[in-house]
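One structure below.
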Amino acid sequence: MTTSDSARPIILGSTSPYRRELLQRLGMAFECVAPEVDETPQPDETPPALAMRLALAKARAVANLHPDAVVIGSDQVADLNGQPLGKPGNHIRARAQLQTMRGQTVVFQTAVAVVCLATGFERAALAAVAVKFRELTDHEIEAYLLRETPYDCAGSAKSEGLGIALLDSIDSDDPTALIGLPLIRTCAMLRAAGVRLL
């Protein structure tokens, strides 16, 4: 089991099962704490700015409750031509999202922040993933939604599952960002915060 040099606890400021599963790949002990953060976009806020603000807000909110811990916060916003696409929440909105995105390139803006109040450490980074959607038929969209029910995913597409069949291409320098946590950037910030990964 890996540990930080100062043996500080590691906390993932998220209840997302996708982020938890990704962080588990690093083989370190951590706990999950739900951040209490209002995720409403601010007026004229761009998708990258929204993702960065919320990732930091989540990390800070949990760090305030656990000041000795190294806290990871993350947020993802699907960006279609500068307009944010959130989690659909239900079948009707998911269908409308996918109909809008077919044939389009959607940039999934995934931000991650690492905060430790005890040491004054705070960093954040953004990983943008450009995803080209196929020219999907209404039948394909409906079949996908009935099998995957991706209502808790930004942009209604779960690339780690059947959602990969919706896509023509994925362009990213931090591939796990599309699932919800850019592990390359996360590892870099954890090392900078004093967490020994290897």
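FYI, it's all coordinate maths here, none of it is from the lab. Worth saying up front: this structure is predicted, and the values here are computed from it rather than measured. Here the Cβ is made from the backbone with ideal geometry for all residues, glycine too, and neighbour counts use every protein chain on show.
Key figures for this structure:
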| item | result |
| --- | --- |
| Gap separating the Cα centres of segment 45-96 and segment 132-198, nearest whole Å | 14 |
| Among PRO35, ILE141, ALA130 the positive-end extreme of the charge dipole of segment 3-196 (Cβ point charges) | PRO35 |
| Rel. contact order, % - alpha carbon contacts under 8 angstrom, at least six apart, the chain | 24 |
| FRET efficiency, ALA192 to LEU65 (Cβ-Cβ, R0 30 Å, nearest 0.05) | 0.85 |
| Using θ = phi - 60° and Karplus 6.51 cos²θ - 1.76 cosθ + 1.60, couplings along segment 91-103 (whole Hz; Gly, Pro as x) | 5, 5, 5, 5, 4, 5, 4, 5, 5, 5, 8, 4, x |
| Globularity ratio of the chain, using Cα Rg and 2.2 N^0.38 Å | 1.04 |
| Value at 222 nm in deg cm²/dmol, rounded to 500, when DSSP H runs of n ≥ 4 in the chain each add -39,500 (n - 2.57) | -9000 deg cm²/dmol |
| Amide H contacts under 5 Å for ASP79, placed H, 5+ residues apart | LEU85, VAL107, PHE108, GLN109 |
| In degrees, nearest ten, helix 47-65 long axis to first principal axis of the chain (Cα) | 40 |
| Distance between modelled label sites at ALA130 and ILE92, nm, 7 Å Cα→Cβ extension | 3.6 |
| Cross-link partners of LYS158 among lysines (Cα-Cα below 20 Å; sequence separation of 8 or more within a chain) | LYS87, LYS132 |
| Computed FRET value (nearest 0.05) for LEU167 with ARG20, which takes r as the C-beta separation and R₀ as 22 Å | 0.35 |
| DSSP bridge pairs, the chain: antiparallel proportion in percent, nearest 5 | 85 |
| Gyration tensor verdict on segment 30-108 (Cα atoms; rounded if a/c is under 1.5, prolate if a/b is larger than b/c, oblate otherwise) | prolate |
| THR40, THR105 arranged by Cβ crowding within 10 Å, fewest neighbours leading | THR40, THR105 |
| Rounded tilt (10° steps) of 138-148 against the dominant C-alpha axis of the chain | 40 |
